[in-house]
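The values are calculated or read from the model by the stated rules, or taken from the named source; none is laboratory data. The structure displayed is predicted, hence computed values, not measured ones. Glycine also receives a Cβ, built like all others from the backbone with ideal geometry; neighbour counts cover every protein chain displayed. To get the accessible areas, we keep the full protein, side chains included, count just its heavy atoms, and leave off ligands, DNA and RNA. Shrake-Rupley method; radii C 1.70, N 1.55, O 1.52, S 1.80 Å.
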Amino acid sequence: LIEAGQWMWPAVLVGFIQNVSGLPGVRLRTVSLRPVILEVESFMTQQEASEIMALGAQQGLTASQGQMQSNDLKKGTSHASFRTSRQAWLHNELSLVIADLDERTAKLTRIPAAHNEPMQLLRYDAGNYYHAHLDWTELDLYPDQRQIWLDSHFGHFDRIATVFWYLNDVQQGGHTIFPKRGQPICAPGSLGGPSARYCRGALDPDMDSCTKGLKVKPRRARTILWYNFLATGRGDRNALHAGCAVGENETKWSVNKWVRNKPWTTPSAPWTPNHPALKRFGWRDPNGQEPSEDACLISF
């Protein structure tokens, strides 16, 4: 199967198991069909999980910050109001185990390692959380942030898959929750945008709630893979997920390993005044200039 020009593992049905060629002993078990979520069995060892935690603790952790939506910028929303973890970026040069896991990720996803971002190590202390969010960029939520549009190539350069590692056991809380699991795909023939956001049976949950949805419990060396895009190349809103608050006297260590549809070092796109995505996603020029009526009608 092809997703936005890259390989995508077929989910088939919940409980379906398939082997990963090139990674002996590694199997995929389908956890969800919408979004596609796969548990990756035997991907990493407990020793590797411990080594990553130790390396990360030596780097110096900083407060995690998300990509602030335009409405939140206007309201003066603080990052800590929706994300309270700490983090460090772990590059391949730091350790052989990090470099090895980077190559292993490429074999798992069947997407070249050049498309992988560095590891984002996360530490959640007691009570820490990350409210519901997407790992891909919904451009209609950033209608006046030009650099985000350029960095995402007008919606054609993004994180198509997330490989998520749990590095330790957490007894209470700390689950990853997918609150839109199983919801319909609105306007399946559409290229996306506000008109494809809602339909019958597809509603957004309370972003700070961890009560309804598919929950994945943190377990040392556990690995899950989910796809942020549909096979059509359009972002999957059902991939919305959150990091639930960690229980009292607990700490959760985890890693995001994001995989992009183009090499990670691809430079930002040049500004294209007549790009069809400007109208599709509702670009609003801060200087008051709207997309031209003569905008190119080519679809990407």
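I need the full set of residues from the range 192-202 which are in a loop (DSSP other than H, G, I, E, B) and surrounded by 13 or more Cβ atoms within 10 Å (Cβ to Cβ), in order please.
Result: 192, 193, 197, 198.
Checking residue 283 against (1) in contact with a Gly (Cβ under 6 Å, 6 or more places away or on another chain); (2) open to solvent by less than 30 Å² (accessible area, probe 1.4 Å); (3) touching a residue at least 60 places away in the same chain (Cβ under 8 Å): exactly one of these is not met. Which one?
So the condition that residue 283 fails would be (1).
For (1) of a type outside the set (Val, Ile, Thr); (2) modelled with pLDDT of 95 or more, each residue gets a yes or a no:
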site: 47; (1), (2): yes, yes
site: 58; (1), (2): yes, no
site: 69; (1), (2): yes, yes
site: 89; (1), (2): yes, yes
site: 101; (1), (2): yes, yes
site: 108; (1), (2): yes, yes
site: 111; (1), (2): no, yes
site: 119; (1), (2): yes, yes
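Please enumerate the residues belonging to the range 49-70 that are in contact (Cβ under 8 Å) with a residue 40 or more places away in the chain, over 20 Å from the mean Cα position of the chain (by Cα) and not in a helix (DSSP H, G or I).
Answer for the range 49-70, where residues must be in contact (Cβ under 8 Å) with a residue 40 or more places away in the chain, over 20 Å from the mean Cα position of the chain (by Cα) and not in a helix (DSSP H, G or I): just 61.
Matching residues to (1) assigned to a loop (DSSP other than H, G, I, E, B); (2) closer than 15 Å to residue 174 by Cβ:
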| residue | (1), (2) |
| --- | --- |
| 190 | yes, no |
| 204 | yes, no |
| 208 | yes, no |
| 215 | no, yes |
| 219 | yes, yes |
| 224 | no, yes |
| 249 | yes, yes |
| 254 | no, yes |
| 257 | no, no |
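When only residues in the range 246-275 that are out of contact with any helix residue (DSSP H, G or I) (no Cβ under 8 Å at 6 or more places or on another chain) and surrounded by 22 or more Cβ atoms within 10 Å (Cβ to Cβ) count, which is farthest from residue 111 (Cα to Cα)?
The qualifying residue farthest from residue 111 (Cα to Cα) is 246.
Applying the selection to the range 91-145, what residues are assigned to a helix (DSSP H, G or I) and of a type in the set (D, E, K, R)?
Hits for the range 91-145 are 93, 100, 102, 103, 104, 107, 140.
Within the range 3-43, count every residue that is open to solvent by 10 Å² or more (accessible area, probe 1.4 Å), in contact (Cβ under 8 Å) with a residue 40 or more places away in the chain, farther than 22 Å from residue 113 by Cβ and part of a loop (DSSP other than H, G, I, E, B).
Qualifying residue count, the range 3-43: 2.
Select from the range 73-106 the residues that are closer than 22 Å to residue 117 by Cα and of a type in the set (Gly, Ala, Ser) and write down the one among them that is most open to solvent (accessible area, probe 1.4 Å).
Residue satisfying both the conditions and the ranking: 99.
Considering 254, 209, which residue is in contact (Cβ under 8 Å) with a residue 24 or more places away in the chain, in contact with a Pro (Cβ under 9 Å, 6 or more places away or on another chain) and closer than 27 Å to residue 47 by Cα?
Exactly one of 254, 209 is in contact (Cβ under 8 Å) with a residue 24 or more places away in the chain, in contact with a Pro (Cβ under 9 Å, 6 or more places away or on another chain) and closer than 27 Å to residue 47 by Cα, namely 254.
Restricting attention to the range 153-164, report how many residues are of a type in the set (Val, Ile, Thr) and either open to solvent by 40 Å² or more (accessible area, probe 1.4 Å) or assigned to a loop (DSSP other than H, G, I, E, B) (or both). Working first, answer last.
Filtering the range 153-164 for residues of a type in the set (Val, Ile, Thr) gives 160, 162-163.
So of that shortlist, the ones also either open to solvent by 40 Å² or more (accessible area, probe 1.4 Å) or assigned to a loop (DSSP other than H, G, I, E, B) (or both) come out as none.
Number satisfying all stated conditions: 0.
Six or more apart or on different chains, Cβ atoms under 7 Å: show the pairs whose first residue is in the range 77-96 and under 14 Å from residue 60 (Cα atoms) and whose second is open to solvent by 50 Å² or more (accessible area, probe 1.4 Å) and assigned to a strand (DSSP E or B).
85/123; 86/62; 86/63; 86/123; 87/62
Quick test of your reading of the structure: residue 231 fulfils all but one of (1) modelled with pLDDT under 95; (2) buried (at least 22 other Cβ atoms within 10 Å of the Cβ). Name the failing condition by number.
(2)
Filter the range 124-152 down to the residues that are over 22 Å from residue 63 (Cα atoms), open to solvent by less than 30 Å² (accessible area, probe 1.4 Å) and either aromatic (Phe, Trp, Tyr) or touching a Ser or Thr at 6+ places or on another chain (Cβ under 8 Å) (or both) and list them by number.
Those that are over 22 Å from residue 63 (Cα atoms), open to solvent by less than 30 Å² (accessible area, probe 1.4 Å) and either aromatic (Phe, Trp, Tyr) or touching a Ser or Thr at 6+ places or on another chain (Cβ under 8 Å) (or both): 139, 142, 143, 149, 150, 152.
Look through the range 110-123, keep the residues that are open to solvent by 30 Å² or more (accessible area, probe 1.4 Å) and charged (D, E, K, R), and return whichever of them is farthest from residue 10 (Cα to Cα).
Among residues in the range 110-123 that are open to solvent by 30 Å² or more (accessible area, probe 1.4 Å) and charged (D, E, K, R), the one farthest from residue 10 (Cα to Cα) is 123.
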